[in-house]
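Step one of this worksheet: look at the structure below.
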Amino acid sequence: MPTILGQNQYGKAENRVVKITRDGDTHHIKDLNVSVALSGDLDDVHYNGSNANCLPTDTTKNTCFAFAREYGIESAEQYGIHLARHFVDSQPSIHRARIRIEEYSWERIAGSDGNSKFIGADEVKHSFVRKGQETRLAQITYSAEGDGGAKFEVLSGLKDLTVMNSTNSEFWGYIKDKYTTLQEDYDRILATSLSTWWRHNWTSDEQRMPQWEKSYEQSKKHILQAFVETYSLSLQQTLYQMGSRVINNRSEIDEIRFSAPNKHHFRQDLSAFGLENDAKDGAVYYAADRPYGLIEATILRDGCEPHIPVDMTNL
């Protein structure tokens with residue numbers, strides 16, 4: 001045979017699972033986009049078209065919805081752990097399951113003081129507006145292969161978290177050659193749209209499981225606080241401070257990777273109109289969407305090995 005089969009996986013992608021939990025008149029939403037990828041003893045389905053070891057992708061879709069109803073969605077990570085464990089443990093031919101989840105956040109809309117008079121309720125607790133900040137991410141991989149038996153890898157993260165510092169950022173002292181036209185800047189806007197994944201050191205039921213919701217909220221808090229509190233001489237410096245802040249404050253996290261496209265803001269040249277446009281006076285900028293600098297970095301707990309793929313954050 002002139003060819004052999006390499007890595008392969010299959011599953012149902014982008015299952016839009018929305019779970020409403022009712023606590024009396026108060027409702028709660030979990031809004032997920034769930035993708036399942038399975039791999040294992042699947043040579044025959046590729047070589048011969050035999051589906052004997054193939055769990056239908058339609059079944060994986062049904063399982064996503066059934067598990068949301070049967071077990072609820074406490075967190076994206078916990079829900080993904082249930083799914084990944086099920087696909088591997090229930091199917092002898094499936095050795096590895098990867099569950100990738102995007103979570104869309106909603107916040108409650110408060111009614112007006114008089115609104116309850118028109119609907120006959122004391123307080124509205126079932127109306128929501130979609131949050132316009134980041135999309136939360138989770139990826140759970142469960143594998144029955146390898147030494148030490150079955151184990152999990154749990155990644156959490158976010159994307160499209162756009163942040164800006166309108167000062168306390170500089171960029172100067174860089175290499176200059178005959179193609180360099182960029183002017184040094186000692187008071188610039190620093191803005192980026194963050195995508196990041198972080199890896200938990202929880203890998204099996206023998207360990208104490210993290211509190212996934214708290215872990216996410218605290219990690220995001222430390223990222224934002226480090227962005228605010230770092231006087232930045234480069235975006236690379238800021239990313240390192242953000243990652244270090246997370247790892248130093250969250251013992252359950254060993255690795256974090258950032259992909260940070262610069263949201264460039266350049267001072268507009270207004271000299272043709274006899275106008276100065278200095279940052280110290282409150283400048284006018286134009287926002288350039290492309291091309292953009294793309295800064296990426298992994299920050300690790302000392303003694304830990306990297307596992308997050310280097311191209312994962314900007315796929």
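The values are calculated or read from the model by the stated rules, or taken from the named source; none is laboratory data. Please read all numbers here as calculations on a predicted model, not as lab measurements. Every residue, glycine as well, gets a Cβ built from its backbone with ideal geometry; the counts of neighbours run over all protein chains shown.
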Single unsatisfied condition, GLU77 versus (1) surrounded by fewer than 20 Cβ atoms within 10 Å (Cβ to Cβ); (2) acidic (Asp, Glu); (3) in contact with a helix residue (DSSP H, G or I) (Cβ under 8 Å, 6 or more places away or on another chain): (1)
Conditions first: (1) out of contact with any Lys or Arg (no Cβ under 7 Å at 6 or more places or on another chain); (2) more than 23 Å from ASP311 (Cα to Cα). GLU170 passes all but one, so which condition is the exception? (1)
Filter result for ASP31 (over 22 Å from the mean Cα position of the chain (by Cα), among the acidic types (Asp, Glu) and either outside any strand (DSSP E or B) or modelled with pLDDT of 95 or more (or both)): no
Report yes if THR196 is touching a Gly at 6+ places or on another chain (Cβ under 9 Å), in contact (Cβ under 8 Å) with a residue 12 or more places away in the chain and surrounded by 20 or more Cβ atoms within 10 Å (Cβ to Cβ), otherwise no. yes
Is it the case that some residue within the stretch 98-106 is modelled with pLDDT under 95, within 20 Å of SER75 (Cβ to Cβ) and assigned to a strand (DSSP E or B)? yes
Return yes when GLY40 is under 28 Å from the mean Cα position of the chain (by Cα) and on the phi > 0 side of the Ramachandran plot and no when it is not. yes
Positions within the stretch 152-207 being among the hydrophobic types (A, V, I, L, M, F, W, C), in contact with a His (Cβ under 8 Å, 6 or more places away or on another chain) and more than 14 Å from LYS263 (Cα to Cα), in sequence order: VAL154, LEU155
